[in-house]
Amino acid sequence: MGGEGAKMLVVAISDPISTRRIVKTARELNPAVSILVRTRYIREVEDLYRLGANQVIPEEFETSVEIFARVLRDYRIPGNIIQNQIDLVRQEGYAMFRSPSIKGERLAKLTSILEKTVMDTFFIDSNSTEAGKTLKEIDLRKRSGTTVIAVVRKGEAMTNPHADFLVEEGDILVLLGSHAELNKANEILSEKMPG
């Protein structure tokens, strides 16, 4: 094989039997080599770690992450928010693959993260009771569980607005939360001024 002195080995072939054989042989020949493996299916991950891989990237998982990212882009979620969510999903997902004993707990946490990534927008009109208040005064996070991830004003998006950001008539709030949280936020923001 000739890999006894190698520092890193990347295995990216589509034959699962040969992939396993390469990982096992490489680990036997060079216990210090770092082995990175691309595999097609999540179900192969545990075996590859057991055979000596240091990192395993399942295409199935990465394809799901890419679909997730594209859906968020279609909903016009700011790029930095998308990247943060992808980083969280990858961190939780890959940790789950490396520690099968805590798979159930990690899977529940990963599902929770994905459930929290529903996005909606709300237009602040002239009758809104929230116009003229700061985000801290409106306090959607405490009152509904949603997070204001951006405010669009006159076509310009301001991401991660601070608590002292003053909401004005004509603003569009970009909200992140579960379906139930977004419904509650919509109820709060839909309250109209008396008269």
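Just so you know, all these numbers are worked out from the coordinates, no wet-lab data involved. From a predicted model like this one, the values you see are computed outputs, not experimental measurements. Backbone-built Cβ (ideal geometry, glycine too); neighbour counts: all protein chains shown.
How big is the Kirkwood radius of region 1-55, worked out from every pair of different alpha carbons and given in Å to one decimal? Result for region 1-55, one decimal place: 11.0 Å. Listed by chain and number, the aspartates and glutamates placed with their C-alpha closer than 18 angstrom to that of K142 are D120, E130, D164, E181, E187, E191; residues fewer than eight positions away on the same chain are left out. Both the radius of gyration and Dmax for region 118-189 are 10.8, 29 Å, in that order, over alpha-carbon atoms. Here's the list of aspartates and glutamates a cross-link from K154 could span, going by alpha-carbon distance under 13 Å and ignoring same-chain residues fewer than 8 apart: E168, E169, D171. Using the Cβ-Cβ distance between V10 and D164 with R0 set to 45 Å, the FRET efficiency works out to roughly 0.40. Under 20 Å from a label point set 7 Å out along the Cα-to-Cβ vector of T121, the amide N atoms of region 150-173 belong to 150-162, 166-173.
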